[in-house]
Amino acid sequence: MIKLTKTFIDRLPIPSKKANGTATQEIYRDSTLVGFGLLVGSGGTKSFFIERRVNGRVKRISIGRYGHLTPSQAKLKAQEMLGAIAMGQNPAEERKATEAKSITLSAAFEDYLNTRKSLKAGTIQNYRYSVNCHLSDWLNRRLSDINKNMVEERHREIGQKAPARANNTMRVLRAVFNHAIAKYEDAAGKSVLSFNPVDRLGRNRAWYKIDRRRTVIKAHELPVFYQATEALSNEVSRDYFRFLLFTGLRKMEAATLTWSQVDFIAKTFTIPDTKNRDPHTLPLTNHLYDLLQFRKVHSHSQWVFPSPRDNEKHLKEPRGSVAMVAEALGSPFTLHDLRRTFITIAESLDIPAYALKQLLNHKNPTDVTAGYIVSDVERIREPMEKISGFICMEIGNE
């Protein structure tokens with residue numbers, strides 16, 4: 001007969017691990033209360049549990065660890081839980097529901113990031129910055145304690161200095177709440193959260209209106225831009241800026257380009273990981289071919305545009321060089337301006353719509369016709385050369 005008393009438990013041996021290092025465990029069932037037991041692991045932990053048939057299947061439900069609970073406390077808890085099961089309740093589901101109601105913003109945010117497998121590293125970094133910088137004092141709060149007034153007030157506070165960041169932060173919070181509403185349920189299968197507090201911003205039309213940047217380098221400014229890049233002390237940054245202008249790529253797509261993705265024989269290069277997840281292959285124009293050949297001769301890295309501090313890493317946004325170009329232009333300048341400039345030039349040259357979409361790797365989910373067109377890099381070589389020729393003419397490099 002086994003009676004789970006302190007004296008009995010303290011004398012129990014710790015089971016040995018298997019020869020291959022796999023953990024083992026021993027189970028001791030109390031004779032005075034059917035369904036009450038103790039599990040002893042090879043790691044030294046001793047945990048109380050109950051066992052009972054629930055919905056036709058035997059379930060083992062943890063009560064707590066020995067040391068945190070005395071045998072008497074554990075036995076009383078076991079009696080309560082076994083009684084609840086006899087009344088048709090499910091303690092495991094009840095505990096799960098209680099934990100769900102207590103979920104904090106920090107835990108829900110991490111669960112959201114782990115669930116969203118498609119999020120890119122840069123996106124996750126941006127999300128973490130928004131939450132850790134602007135909602136750090138809410139991280140240990142339960143989601144159920146974050147209300148509409150708090151959201152509205154915090155959105156207003158952030159927006160006084162950074163309206164775009166205020167919107168971005170609340171969009172992240174809204175996504176976390178939507179994730180939690182769909183995932184965390186009570187014992188009856190209903191969401192433990194009855195509403196998303198961020199929805200108030202939409203209902204009250206409180207979102208900040210952020211005008212989309214439309215800055216481009218105008219045709220007459222292209223020589224100034226080119227001269228400004230020529231003056232840069234770092235040749236990698238210089239060629240990186242020019243590569244962006246002649247390709248219309250997003251900055252990280254170009255910065256992470258490796259030599260293995262460049263085909264000098266076919267005169268093409270491929271970006272395998274793009275914003276829409278589809279590989280993007282573009283032709284090398286004569287100008288780009290010469291630019292990359294120069295880079296290849298001077299390269300000692302797998303990256304086409306390596307970091308000036310570490311050849312093993314790719315170039316990050318060279319903010320100092322961006323500032324120098326902006327000063328030369330006499331106006332604010334961002335690397336994304338080069339993509340807008342490429343698009344503007346292409347449109348001015350009457351590049352066909354489908355060719356332009358392929359050049360920019362744009363997809364329109366409502367465009368059924370586009371789904372039947374097989375992309376062929378040679379079909380966009382001529383439009384690409386046309387854009388390249390226009391830029392070269394403007395900068396006096398024909």
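Yes/no per residue for (1) of a type in the set (K, R); (2) assigned by TED's automatic domain parsing to the domain that holds T344; (3) within 23 Å of T334 (Cβ to Cβ); (4) surrounded by fewer than 16 Cβ atoms within 10 Å (Cβ to Cβ):
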residue	(1), (2), (3), (4)
S136	no, no, no, yes
D145	no, no, no, yes
R165	yes, no, yes, no
L173	no, no, no, no
E235	no, yes, yes, yes
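For Y129, are the conditions met, namely being assigned by TED's automatic domain parsing to the domain that holds G159, modelled with pLDDT of 90 or more and surrounded by 16 or more Cβ atoms within 10 Å (Cβ to Cβ)?
Working: assigned by TED's automatic domain parsing to the domain that holds G159: yes; modelled with pLDDT of 90 or more: yes; surrounded by 16 or more Cβ atoms within 10 Å (Cβ to Cβ): no.
No: the conditions fail for Y129.
Restrict the check to the stretch 188-199 and report whether at least one residue is modelled with pLDDT of 90 or more, hydrophobic (A, V, I, L, M, F, W, C), over 30 Å from L288 (Cβ atoms) and not assigned by TED's automatic domain parsing to the domain that holds R340. Talk me through it step by step, then tell me what you get.
At the first step, the residues of the stretch 188-199 found to be modelled with pLDDT of 90 or more are 196-199.
Now drop any that are not hydrophobic (A, V, I, L, M, F, W, C), which leaves 198.
Applying the additional criterion that residues be over 30 Å from L288 (Cβ atoms) yields 198.
Remaining after also requiring not assigned by TED's automatic domain parsing to the domain that holds R340: 198.
Yes, that holds for at least one residue.
Quickly run through the stretch 148-160 and pick out the residues that are surrounded by 12 or more Cβ atoms within 10 Å (Cβ to Cβ), under 22 Å from A108 (Cβ atoms) and not basic (K, R). Step through it out loud before you land on a result.
Filtering the stretch 148-160 down to residues surrounded by 12 or more Cβ atoms within 10 Å (Cβ to Cβ) leaves 148, 150-152, 154-156, 158-159.
Those still in the list that are under 22 Å from A108 (Cβ atoms) too: 148, 150-152, 154-155, 158.
Correct list: M150, V151, E152, H155, I158.
Given the conditions (1) modelled with pLDDT under 90; (2) more than 37 Å from the chain's Cα centre (by Cα), and given that E94 satisfies all but one, which numbered condition is not satisfied?
Condition (2) is where E94 drops out.
The values are calculated or read from the model by the stated rules, or taken from the named source; none is laboratory data. All values derive from a computational prediction rather than experimental measurement. Note that we place each Cβ from the backbone using ideal geometry, even for glycine, and neighbour counts take in every protein chain shown.
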